[in-house]
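First up is the structure itself, then whatever we jot down about it.
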Amino acid sequence: MIHKVELIINFVLDSTGKLATLLLIVLVGIISFNVIGRYAFNHSSVGLEELSWHLYSSIFLLGIAYAVRTHSHVRVDLIYESRAGITRAMIDIVGTLLFLLPFTVIMVFYGAVFAMESYSFGTHANSFAGLVEQFFTTGIGERSQDPGGLNNRWVIKSVIPLAFFLTLLSGISLLIDRCRFVSHAKEQASLIIDGSVNTDASTGKCSDSGESL
């Protein structure tokens, strides 16, 4: 059951990494289009410039969870890499429980509040169809203060709690993986010790003192 949960979480996180990669390609295209328009045709779009900022933020935020999932995030390698495998696993477990999971829970909560405050600005339509129309026309909630800027600022701000929720899932996946590693390492050590005792017993010697039984 736990293994199935881990597989589902990893699938979601891997899909998030692919989404971030796709957004990066879109970002490069938008920036290129805006730069060419500015210098070749003396025209640029404020909306596209703001969209590039939003895409960059989304790529960075969504990439956090994927980085934790693939162990490609920045860590203190001077201490971590010099330790034995089981010690590194224990560092991951303690760090995840004491720092990563509590921090992500806090960020999910306050990020959601931040996004809801952005959504609550201004007037809202009374029906779902009205909200859809408002979304694509005048926008819902907070809007850009620059002429030609983007509406619906709550959308990009909603990426903050989403990204940290995914990071929370990534921490849970890491915790499951590291706990399984520690459990497996202890089982292997137990088998090695039992094998040593049995071998010593067959030779008629005590494994600790070397004395005859």
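Using a Debye calculation, one point per C-alpha and no hydration shell, please list log10 I(q)/I(0) for the chain at q = 0.11, 0.15 Å⁻¹ in order. So the normalised log intensities are -0.74, -1.07.
To the nearest 20 debye, what is the magnitude of the charge dipole of the stretch 2-194 about its Cα centre, counting +1 on the Cβ of each Lys and Arg and -1 on the Cβ of each Asp and Glu?
Details: 13 positive and 14 negative charges, 37 e Å.
So the dipole magnitude of the stretch 2-194 works out to roughly 180 debye.
Taking every DSSP helix (H) stretch of at least 4 residues in the chain, weighting each as -39,500 (n - 2.57) and dividing the sum by the residue count yields a mean residue ellipticity at 222 nm of -26000 deg cm²/dmol.
Quick check: the angle from helix 153-203's long axis to the longest principal axis of the chain, C-alpha only, nearest 10 degrees? Roughly 10 degrees, rounded to the nearest 10. Residues of the chain were split at every exposed loop site, defined as GluC sites (Glu not before Pro) in a DSSP loop with at most 13 other C-beta atoms within 10 angstrom, and the longest piece left, sites excluded, is 82-210. The longest stretch of the chain left intact once loop-based trypsin sites (Lys or Arg not before Pro) with at most 15 other Cβ atoms within 10 Å are removed from consideration, loops following DSSP, is 84-213.
Quick check: net charge around SER173, other residues with Cβ under 10 Å of its Cβ, Lys/Arg +1 and Asp/Glu -1? Before the final figure, lay out each step's value.
On the way: positive: ARG69, ARG178; negative: GLU6, ASP177.
Result for the local shell: 0.
Just want the answer: with Cβ charges of +1 for Lys and Arg and -1 for Asp and Glu, which residue in HIS43, VAL28, SER158 is farthest toward the dipole's positive end in the chain? Among HIS43, VAL28, SER158, the one farthest towards the positive end of the dipole of the chain is HIS43. In the chain, taking the dipole from charged Cβ atoms about the Cα centre, the farthest positive-side position among ALA89, PRO147, VAL74 is held by PRO147.
Readers should treat all values here as calculations from the given coordinates under stated rules, not as data from a laboratory. Fair warning: this is a prediction, and the values are worked out from it, not measured in the lab. When we count neighbours, we look across all protein chains shown, and the Cβ atoms used for this are built from the backbone with ideal geometry, even at glycine.
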